Amino acid sequence: MNGRNAAQLTVLVAGVVAAPNDSSDQGQTKTFPVVVTISANGSRANVTNYMLDGGNNVDEYTNVNLPFPFPDALQEFSVETSNYSAQYGQNAGGVVNVVTKSGANQVHGDAFEYLRNRELNARNFFAKTVDPLKRNQFGVTLGGPVYIPHVYNGRDKTFFFFGYQGTILREMLGAQSAFVPTQAQEQGVFSSAVIDPKTGAPFPNNTIPSNRLDPASVAFMKDLPVGTGNGLIFYQKPVRQNYNEEVARVDHVIGPNDRLTGRYYRDRFDNVGIIDTTNLLTYADEALNLVQNGLVSETHTFGPTLVNVFALNYAREADQRGAPIGTPSVADFGVNMWQPPDKALQSISVSGFFTIGDNPKARFTRNNWTLNNDLHWTKGNHTLSFGVHGEISRMDIDSQFQEPGAFTFTADTTLNAIASFDLGYLRTLTQGSGQFFNNRNQFLGLYATDSYRVNRRLTLNFGLRWEPFFPWKELKHRMTQFNPTAYNAGLVSTVYTNAPKGLLFPGDSGVPENGVNSNYKDFEPRVGFAWDVTGNGKTSLRGGTGVFYDSRMMAGFMNAVTTNTPFSPTVTITTPQGPFSNPFLGITNPFPTPVPIPKSVAFPLPVVVVSLDPSGNYQVPVTYNWNLTLERQLAKDWLIRASYVG
């Protein structure tokens, strides 16, 4: 595996393919970089359930995978994509379960390093230089009985396992290009006609008078390379990333009927930001992502036919990003507008020439507590299983999204976007009040299964899972609902009194507290069979069908709501009256907005609305799944299989 990312193993299973991220992978500043978005038998990219040692390993924000330990620390990796047992639920696409290694009576371990370096690489035939990629992946594992001389000998009783992997990545992203202003263009001199947006007539001699050059634009261009010829330049962006992951596990045999397991996994990703005030084209965020996953499980054997497995799991991902130290804000170039205290450049785009900027400071934190209990009982020809799965989840976002502002310059009036930039003639300006939400949820699943051995050749499987749907609860009721009936009746919200008619909020009559109502009617029956067709164990026919609800709504479901008025007042102006250096000229600048937002906040028209079903109902996505598989042993070492999945 290039990169040793165990999650990539999922695509080896029939019916599983890499899928477009479809907003599931939010990029390395929001989701851990090892996300693998897959489609299992045509399902969506974020409806696969990921488990680590039987505990939750799902990113609550977007329902993709949290990182798995590196391959040397793994014992098992299984993927189920069709008609899996009623023991599993929450997502309708598939189930990926990874089990970490445990120690044993013998001491085992390994040490490794994988190296990629330009000194070992050949030059691509079409490249001018050798690939500059440098990647070191190194680590160690060790497992065995716990032994403390003269104190404790854990042979046959207590075992440990520890593993560490570090990754150091250094690279230069070449083939980056942009058109930047030439020295003449910086002084307002062009080789073709440019139009004065005030008069609609060309500037004499294709030259913008020096007193018309916007001071903020002039200051900004000093931090760009100077173009020659047509202004085309090539540049490189350095990449400096580090990963450090550890896994530790202890297994203890309490007695003949009890086994206790404790496991802790940690993975940290550091991405170094870039700020070069001689070339702001290379500007990029820094990021720190930290994932932790801890599990305690206990297996109790009541007797030869009755076993209980209890597991308690805690998973946390805390991602933060921001501009590197030394980054300016637009105010440092003389732009007269409010800026957040943490300086950043979000977006300055000169259409057809260059774009600089990255996301401003933000924190994305997920916490999840999971409890599983599974009881397995063998009685005669029946193997019965009963279980409960419960989760408490929370997702918090604190982001300065859109606070630094986004500026766009185009050529549609001046005939040259660089001329528009020289003049400070903006096409669009967008500034917002950040993105904040605090989501809470609980997930619950109950199941019962029966594997009934009818005779030596036929086994039937039955299962039923009950999994109610609960919407995420936003602690400060950041939720909207556009109701056409209320709009036609001219009704105005009693919560936000200046809202347009028909736009309602939790607290208004008929609006659910969490935007949509819970659903307690989701039952998932599943049946299957396995038949030895010829009776000699060489030909089998297996099949099954079932109902699978996608009841785990991702925490980011209402992302878009929280970036709009009233929760995050946002202003977008097309062709503002003021120049780049004073874009709110003639307009009352609403920033910074007060916290908390007053109920009398203004709603400047037009208002962007992201709305849920005004009935308050949410149709939980459901998959009806069926399959049939024929297997035949052809010779001692050959097996042929043909399957159909619908």
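The values are calculated or read from the model by the stated rules, or taken from the named source; none is laboratory data. What you see is a predicted model, and the numbers here were worked out from it, not measured in a lab. Because the Cβ atoms are built from the backbone with ideal geometry, glycine has one as well, and the counts that use them run over all protein chains shown. With ligands, DNA and RNA removed, areas are computed over all heavy atoms of the protein, side chains included. Shrake-Rupley method; radii C 1.70, N 1.55, O 1.52, S 1.80 Å.
General observations
- Some residue of the range 174-187 being at positive phi, at pLDDT 95 or above, assigned to a loop (DSSP other than H, G, I, E, B) and open to solvent by less than 60 Å² (accessible area, probe 1.4 Å): no
- The set of residues from the range 414-459 being without any contact (Cβ under 8 Å) to a residue 60 or more places away in the chain and in contact with an Asp or Glu (Cβ under 9 Å, 6 or more places away or on another chain) comprises Asn438, Arg440, Gln442, Leu444, Leu446.
- The range 258-275, residues that are part of a loop (DSSP other than H, G, I, E, B) and crowded, with 16+ Cβ neighbours inside 10 Å: Gly273, Ile275
- Restricting Asn46, Asn56 to residues that are more than 25 Å from Val309 (Cβ to Cβ), polar (S, T, N, Q), within 16 Å of the chain's Cα centre (by Cα) and buried (at least 18 other Cβ atoms within 10 Å of the Cβ) narrows the list to Asn46.
- Single residue of the range 558-574 satisfying the filter (part of a helix (DSSP H, G or I) and open to solvent by 20 Å² or more (accessible area, probe 1.4 Å)) that is farthest from Gly515 (Cα to Cα): Thr563
- Unmet criterion (only one of (1) at pLDDT below 95; (2) part of a loop (DSSP other than H, G, I, E, B); (3) of a type outside the set (Lys, Arg)) for Phe436: (2)
- Counting the residues of the range 84-103 that are among the β-branched types (Val, Ile, Thr) and within 17 Å of Ala311 (Cα to Cα) gives 3.
- Test: residue in the range 363-376 that is crowded, with 18+ Cβ neighbours inside 10 Å, without any contact (Cβ under 8 Å) to a residue 60 or more places away in the chain and out of contact with any helix residue (DSSP H, G or I) (no Cβ under 9 Å at 6 or more places or on another chain): yes
- In the range 575-602, the residues that are surrounded by fewer than 16 Cβ atoms within 10 Å (Cβ to Cβ) and not hydroxyl-bearing (Ser, Thr, Tyr): Gln577, Leu585, Gly586, Ile587, Asn589, Pro592, Pro594, Val595, Pro596, Pro598, Lys599, Ala602
- The residue list Leu460, Leu491, Leu475 contains one member that is open to solvent by 60 Å² or more (accessible area, probe 1.4 Å) and either under 30 Å from Val388 (Cα atoms) or touching a His at 6+ places or on another chain (Cβ under 8 Å) (or both), which is Leu475.
- Selection count, the range 526-557, where residues are within 29 Å of Gln481 (Cα to Cα) and outside any loop (DSSP other than H, G, I, E, B): 5
- Across the range 82-115, the qualifying residues are those that are assigned to a loop (DSSP other than H, G, I, E, B) and of a type in the set (Ser, Thr, Tyr), and the one among them that is surrounded by the fewest Cβ atoms within 10 Å (Cβ to Cβ) is Ser102.
- Output for the range 192-233, where each listed residue is surrounded by fewer than 16 Cβ atoms within 10 Å (Cβ to Cβ), of a type in the set (Val, Ile, Thr) and not in a loop (DSSP other than H, G, I, E, B): Thr207
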